[in-house]
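The numbers here are math on the coordinates, done by the rules we state, and not lab data. Predicted, not measured: the structure shown is a model, and the values here were computed from it. In this analysis, Cβ positions are derived from the backbone assuming ideal geometry, glycine residues included, and neighbour counts consider all displayed protein chains.
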Amino acid sequence: MLSSSELRIRRRNRQRSAIRRTIRGRYRLCIHRTGRHIYAQIIDDANSRTLVAASTLSAAPGEIANGGNKAAAVVVGQMIAKKAREKDISSVVFDRSGFLYHGRVKALADSAREHGLIF
C-alpha cells in the first residue's frame, strides 16, 4: 500500500511528463503547498532558472494572517501574477505538482488568471 505522499509523487511525475511534451517555449508556474504555507514559482526549464517566486512567507507583514487557507492562496496568486507582469511574462503552463485541483490550489490558479496570467 502506497502512502499519500508517494501517490502524489506518482501524480506529479505523470503530470510533468505531459507538461514537458506540450510546453513549447513557455514557462512553468509550479506550486507547492504544505499545511501552513503555499508557494508558487515561475520556472524557465530551458535554462533551469526560477524567474519569479512568491509565497505566504514573502507577503508583507499583516497581509496574511494564516498561510494555510484559501485567502492566503488568493494573495499569493495576485503576487505571482504581479511579479510576472513586471518581468513581461504573460503565458505559462500550470504545474500543480500532483496536488488535486481544488481548494487552495484552485484559489491560487483562479487568482493568478484574474490578475493577468494566461494558462
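At-a-glance table
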| read-out | value |
| --- | --- |
| Computed helical MRE - 222 nm, the chain, DSSP H runs ≥ 4 contributing -39500 (n - 2.57), nearest 500 | -13000 deg cm²/dmol |
| Residue order, fewest to most surrounding Cβ atoms within 10 angstrom, among Met79, Met1 | Met1, Met79 |
| Student exercise, the chain dipole from Lys, Arg, Asp, Glu Cβ charges, in Debye to nearest 20 | 500 |
| Centroid-to-centroid separation of segment 52-79 and segment 100-119 [C-alpha atoms, Å] | 13 |
| Neighbour-count order for Asp110, Asp88, fewest beta carbons within 10 angstrom listed first | Asp88, Asp110 |
| Highest to lowest packing among 22-30, 54-62, scored as the average C-beta count within 10 Å | 22-30, 54-62 |
| Extended-chain gain in nm, criterion 0.36 nm per residue less alpha-carbon gap, Ser97 and Ile9 | 30.9 nm |
| Kyte-Doolittle at least 0.0, axis length at least 20 Å by Cα - qualifying DSSP helices, the chain | 70-86 |
